[in-house]
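To start, the structure under review is shown below, and the notes come after it.
The values are calculated or read from the model by the stated rules, or taken from the named source; none is laboratory data. Remember, predicted model here, so these are calculated numbers, not experimental data. Quick reminder, even Gly has a Cβ in these numbers, built from the backbone with ideal geometry, and neighbours come from all protein chains shown. Heads up: the accessible areas ignore ligands, DNA and RNA and are worked out on the full protein's heavy atoms, side chains in. Shrake-Rupley method; radii C 1.70, N 1.55, O 1.52, S 1.80 Å.
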Amino acid sequence: MTDPRVEIVARAYDRIADRFADWRDRLEGDPRREWAEDFASRLGPDARVLELGCGGASSETAMLTERFRLTGVDVSGEQIRRARERLPGAEFLQADFLEVELPGESFDAVCSFYVFNHVPREHLAGLLRRIAGWLRPGGLALNAFGASDNRGWTGEWLGADTFFASFRPPENSRLVEAAAFEILREEVVSFAEPEGAVEEFQWILARR
Ligand SMILES: C[S@@+](CC[C@H](N)C(=O)[O-])C[C@H]1O[C@@H](n2cnc3c(N)ncnc32)[C@H](O)[C@@H]1O
């Protein structure tokens, strides 16, 4: 982990793992399950799936583990500890996905749920190229991208300092296509946070 902003994010989730899980479960209108089911329905039974920023293992991580061979990666040691405790049958690595070395063309699918809005903008294009390199030809990628024009923000969120950044949807789509993906489905979807604020994410399902 060489980018200090990634270190800030890792430290944040080490501290707020419990509070984040409770907050996430109280979102209203979260479309993640429907996107995860669509993604899963397109995979064969033995598919190797990589989840980036898997956190402490959500119910979508559990669904993917039941149906496929899942590897989860997260930079927070506390989140990985929780994921291993919850789903002992899956493989979890504590690592920064901007740097981790994984074998090329070794996954049928890669996914992330509400993670890319923690990635510094200048790393997003390279991350998408890394994902393309980990996927076998024809492999699928499902990711939820932040949808606001945020050059980078560090501050307190859920009780710890963290970092957020994102592009507007046209730039997210452009970067996905520039990494040699074909977009199969995309949509900007909003949900309500427990405190009432409305947040937008762009979901993109693409094929290498
Ligand atoms: C908003 S949480 C989402 C967790 C999980 N996907 C969920 O929906 O419950 C974002 C997660 O991404 C992880 N993360 C952020 N940047 C990362 C990076 N560069 N490498 C690995 N994990 C990262 C954080 O540690 C955190 O667990």
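Being surrounded by fewer than 17 Cβ atoms within 10 Å (Cβ to Cβ) and near the ligand (Cβ under 9 Å from one of its atoms) is the filter here, so list the residues in segment 9-21 that pass it. Correct list: Asp14, Ala21.
Confirm whether Arg33 is assigned to a helix (DSSP H, G or I), in contact with a helix residue (DSSP H, G or I) (Cβ under 9 Å, 6 or more places away or on another chain), more than 7 Å from the ligand (Cβ to nearest atom) and without any contact (Cβ under 8 Å) to a residue 40 or more places away in the chain.
Values: assigned to a helix (DSSP H, G or I): yes; in contact with a helix residue (DSSP H, G or I) (Cβ under 9 Å, 6 or more places away or on another chain): yes; more than 7 Å from the ligand (Cβ to nearest atom): yes; without any contact (Cβ under 8 Å) to a residue 40 or more places away in the chain: yes.
So Arg33 fits the description; yes.
Is it the case that segment 99-113 has a residue that's over 23 Å from Glu200 (Cα atoms) and within 11 Å of the ligand (Cβ to nearest atom)? The answer is yes; a qualifying residue exists. In segment 51-107, what residues are assigned to a loop (DSSP other than H, G, I, E, B) and closer than 14 Å to Trp134 by Cβ? Across segment 51-107, the qualifying residues are Ala95, Phe97, Leu98, Glu99, Val100, Glu101, Leu102, Pro103, Gly104, Glu105, Ser106. If only residues of segment 41-66 that are open to solvent by 10 Å² or more (accessible area, probe 1.4 Å) and under 18 Å from Ser106 (Cβ atoms) are counted, the one that is nearest to the ligand (Cβ to nearest atom) is Thr65.
Among all residues of segment 1-8, there is at least one that is at pLDDT 95 or above, surrounded by fewer than 19 Cβ atoms within 10 Å (Cβ to Cβ) and either touching a Leu at 6+ places or on another chain (Cβ under 8 Å) or assigned to a loop (DSSP other than H, G, I, E, B) (or both). Does Ala83 fit the bill of being out of contact with any strand residue (DSSP E or B) (no Cβ under 7 Å at 6 or more places or on another chain), hydrophobic (A, V, I, L, M, F, W, C) and either open to solvent by less than 30 Å² (accessible area, probe 1.4 Å) or within 11 Å of the ligand (Cβ to nearest atom) (or both)? It is false that Ala83 is out of contact with any strand residue (DSSP E or B) (no Cβ under 7 Å at 6 or more places or on another chain), hydrophobic (A, V, I, L, M, F, W, C) and either open to solvent by less than 30 Å² (accessible area, probe 1.4 Å) or within 11 Å of the ligand (Cβ to nearest atom) (or both). Residue count for segment 22-40 satisfying the condition of being within 19 Å of Asn143 (Cα to Cα) and either among the β-branched types (Val, Ile, Thr) or surrounded by 14 or more Cβ atoms within 10 Å (Cβ to Cβ) (or both): 10.
For first residues located in segment 91-105 and over 12 Å from Ile80 (Cβ atoms), partners that are of a type in the set (Phe, Trp, Tyr) and lie 6+ apart or on another chain with Cβ distances below 7 Å form the pairs Leu102/Trp134; Gly104/Trp134.
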